[in-house]
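Below is one structure, written out as structure tokens; the observations come after it.
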């Protein structure tokens, strides 16, 4: 108890008895006990309120799910060459059309 042993506690009680007097000591002890009980009750209420608010906050904050799942690497890699080939064919066709127009005689 706060590092106070029995001999120190007896010395404190004797000094309190001398300073306060034997008639007021029980009254003081009673009021001190009430004060400590009230302090303990307030401390427990405070802790309960903090825990309740923390629980409410945890309930409000839910992890959000991803809207779209990430693509698998195999599908992305398989789709990439096909897209590249389509772009090359389109560019090749445009280049061929441009060459034909250039070679065509002007009227």
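The values are calculated or read from the model by the stated rules, or taken from the named source; none is laboratory data. For clarity, every value in this text was computed on a predicted model and none was experimentally measured. A quick note on method: Cβ atoms are made from the backbone with ideal geometry, for glycine too, and the neighbour counts reach across all protein chains shown.
For the reader, a short list of remarks on this structure follows.
- No other residue among 65, 53 is at pLDDT below 80 and within 24 Å of the chain's Cα centre (by Cα) apart from 65.
- The set of residues in region 1-37 being within 49 Å of the chain's Cα centre (by Cα), part of a loop (DSSP other than H, G, I, E, B) and exposed (fewer than 10 other Cβ atoms within 10 Å of the Cβ) consists of 1, 2, 3, 5.
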